[in-house]
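Only one structure is covered here, and it is reproduced in the block below.
The values are calculated or read from the model by the stated rules, or taken from the named source; none is laboratory data. Bear in mind that the values here come from a model prediction, so they are computed numbers and not experimental data. For neighbour counting, all protein chains shown are included, and Cβ atoms are generated from backbone atoms with ideal geometry for every residue, glycine included. Only protein heavy atoms, including side chains, enter the accessible area calculation; ligands, DNA and RNA are left aside. Shrake-Rupley method; radii C 1.70, N 1.55, O 1.52, S 1.80 Å.
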Amino acid sequence: MARILISEPHPDVRVLLEAVVRRAGHEPVGHGELVDEAPELMILEPVFADGLAAAARLRDRLEDLPIICTSIAPPNAATRALGPIAHLIKPFRLGELEAAIASALAPA
């Protein structure tokens, strides 16, 4: 079971992402829940400036942290700089997110 940080500003979308993460057998966490343990994956809505800044700080500290962008906007310079393993454009199929999570957490 992996700890997956979800950075999504819209509560209804966040609830849906949490449900997908739980269904995949992982633990969804928010920024306020990160105390001692680092996340093993981040799901990010990069249009949200605070989330994008938090992702950049995490990337500086955890260079190998996989990031999945789930956004209403296509990739741009700021998101490409994070090196996400996937960039899913909303609305996307939940199976696409599940596949991206499985790929991100698969052993190298």
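Charge tally around Ala99: other residues with Cβ under 15 Å, Lys/Arg +1 each, Asp/Glu -1 each, net 0. Within the chain, what whole-number % of the accessible surface is contributed by carbon and sulfur, with the 1.4 Å probe and all protein chains included in the calculation? Ligands and nucleic acids excluded, carbon and sulfur give 56 percent. Need one word for segment 52-108: rounded, prolate or oblate. Basis is the Cα gyration tensor (sqrt eigenvalues a ≥ b ≥ c); a/c below 1.5 gives rounded, then a/b vs b/c decides. Oblate. Computed 3J(HN,Hα) for segment 47-57, one whole-Hz value per residue from the Karplus formula 6.51 cos²θ - 1.76 cosθ + 1.60 where θ = phi - 60°, is 5, 6, 4, 5, x, 5, 5, 5, 5, 5, 5, glycine and proline marked x. Split the chain at each of the GluC sites (Glu not before Pro) in a DSSP loop with at most 14 other beta carbon atoms within 10 Å, and the longest piece is 64-108.
Debye sum, Cα scatterers, segment 1-41, no solvent: what log₁₀ I/I(0) at q = 0.23, 0.34 1/Å? Result of the Debye calculation: -0.71, -1.21.
Looking at segment 1-94, the trypsin sites (Lys or Arg not before Pro) that sit in a DSSP loop and have at most 16 other Cβ atoms within 10 Å of their own Cβ are Arg93. Taking all protein chains into account, the per residue accessible area for the chain stands at 55 Å² (1.4 Å probe).
Tell me the net charge near Pro74. Cut-off is 12 Å between Cβ atoms, Pro74 excluded, with +1 for each Lys or Arg and -1 for each Asp or Glu. It works out to a net charge of +2. Relative to the Cα centre, the charge distribution of segment 30-79, modelled as +1 at Lys and Arg Cβ and -1 at Asp and Glu Cβ, gives a dipole magnitude of about 260 debye. Using 0.36 nm per residue and subtracting the Cα-Cα separation, the extra length available between Lys90 and Met1 on full extension is 29.5 nm.
For semi-axes √(5λ) of the Cα gyration tensor in Å, the listed values are (i) 44, 20, 13; (ii) 34, 15, 10; (iii) 17, 17, 14; which was obtained by calculation from the structure presented? Checked against the structure: label (iii).
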